[in-house]
1. Take the residues in the stretch 120-135 that are open to solvent by 10 Å² or more (accessible area, probe 1.4 Å) and out of contact with any Cys (no Cβ under 8 Å at 6 or more places or on another chain), then tell me which one is nearest to F220 (Cα to Cα).
2. Of all residues in the stretch 196-219, how many are within 8 Å of the ligand (Cβ to nearest atom) and crowded, with 23+ Cβ neighbours inside 10 Å?
3. Just to be sure before I move on: is E243 within 16 Å of the ligand (Cβ to nearest atom), in contact with a Lys or Arg (Cβ under 6 Å, 6 or more places away or on another chain) and open to solvent by 10 Å² or more (accessible area, probe 1.4 Å) in the structure I sent?
4. Would you check which residues across the stretch 57-78 are open to solvent by less than 70 Å² (accessible area, probe 1.4 Å) and either assigned to a helix (DSSP H, G or I) or among the acidic types (D, E) (or both) and list them?
5. Restricting attention to the stretch 1-56, and to residues there that are acidic (D, E) and assigned to a loop (DSSP other than H, G, I, E, B), which single residue is farthest from T103 (Cα to Cα)?
6. So which residues in the stretch 142-176 are more than 16 Å from the ligand (Cβ to nearest atom) and either under 24 Å from R89 (Cβ atoms) or crowded, with 24+ Cβ neighbours inside 10 Å (or both)?
7. Against the definition (within 30 Å of E122 (Cα to Cα) and in a helix (DSSP H, G or I)), how does A183 come out, yes or no?
Amino acid sequence: MAELRLGVNVDHVATVRNARGGAVPDPVRAALLAIDAGADGITAHLREDRRHIRDDDMRRLKAAIAKPLNFEMAATEAMLDIALRVRPRACCLVPENRTERTTEGGLNVVGGFNHLKPFVAELGRAGIRVSLFIEPSAEALEAAAALRAAVVELHTGAWCDALARGERERGDHEFGRLRVAAAQTASLGLECHAGHGLDFDTARTIAALPQIVELNIGHFLIGEAIFVGLAESVRQMRAAMEEGRRQAK
Ligand code: PXP
C-alpha cells in the first residue's frame, strides 16, 4: 500500500501574523518546525487578496524548505506568473471567491474546462505537478483526467461539516462519495489527495482509503498548536493517520 503523506498548510500562521502587521509569527519558521515534526510537505495558498500568505512568503518557503512546496492558487494569469517564478513542486488549482472565509467548494472542472486547460498545460510544461481541488463526483474526476492533471485533491469539507454538525446520515453519505471517488482515481490514472476541514478523527477515518496518498491539513493543526505546540500537533496528526492507514484494505 502506498505511503500516506501529510502536507501541512501554514496559511493561518500568516493570518495571525497579519492581525498585528509585522513579521511574527513567521509561516516559514512554522513550516520548518512542521517538517522537523514529520510533515512530508508544506502547503500555502496565495490568495488574490493576500489575506494570509504573501508573495514574499512563497519565495521564502521555497528557498527554506527541503520538502515539497504545494502552491495553492486560483487559475489566473497573475498567479500563473508568480507560480512559474517560484517553481514549487506542485500547484493545486482552487476556486476563489473574495467573500468566502475559506475555499468553500471544488473547482468547476466541467464548466471551466476550457479556462483551466492552458493553466494545467503551462504548469505541467514547467515541470510543476498540477493538482485540481474537486468535489468527489464522477463528472469532476473525468474532467480532471481529460485535462491531464496529475493529481486530484478531493474536497472533504462537506463530510467534515456534516460530522461537526452531528449529522451522522449526511456524514455517511458524504464519506461514501469520497470512497467511490477515491476508488475511481485509480482507473483514471490520477494521484489522489484529500483535504479541507480535517481533524484527528476525520484524518484517521479517511486514511483508511488506500488510494489516498496525501492529506493537506491546516486550520485544525494550527488551532491545536495553541494548546499543545505545533510539533506535538503534527506528531499527533501523523499518529492518527498511521492508525487509520493500518485499517486500510
Ligand atoms: N486543501 C485545499 C485545496 C485547501 O484550499 C485548504 C484550505 O486552504 C486545505 C486543503 C486545508 O484545509 P483546512 O485548513 O481546513 O485544513
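The values are calculated or read from the model by the stated rules, or taken from the named source; none is laboratory data. Keep in mind that this is a model prediction, so the values were computed, not measured. Positions of Cβ are generated from backbone atoms using ideal geometry, with glycine treated the same way; all protein chains shown enter the neighbour counts. When the accessible area is computed, the model is the full protein with side chains, heavy atoms only, and any ligands, DNA or RNA have been set aside. Shrake-Rupley method; radii C 1.70, N 1.55, O 1.52, S 1.80 Å.
1. Looking at the filtered set, the residue picked out is E135.
2. Residues flagged as within 8 Å of the ligand (Cβ to nearest atom) and crowded, with 23+ Cβ neighbours inside 10 Å within the stretch 196-219 amount to 5.
3. Criteria not met by E243.
4. D57, M58, L61, A64, E72, A78
5. Looking at residues that are acidic (D, E) and assigned to a loop (DSSP other than H, G, I, E, B), I get E3.
6. Those that are more than 16 Å from the ligand (Cβ to nearest atom) and either under 24 Å from R89 (Cβ atoms) or crowded, with 24+ Cβ neighbours inside 10 Å (or both): A143, A145, A146, L147, R148.
7. In short, yes.
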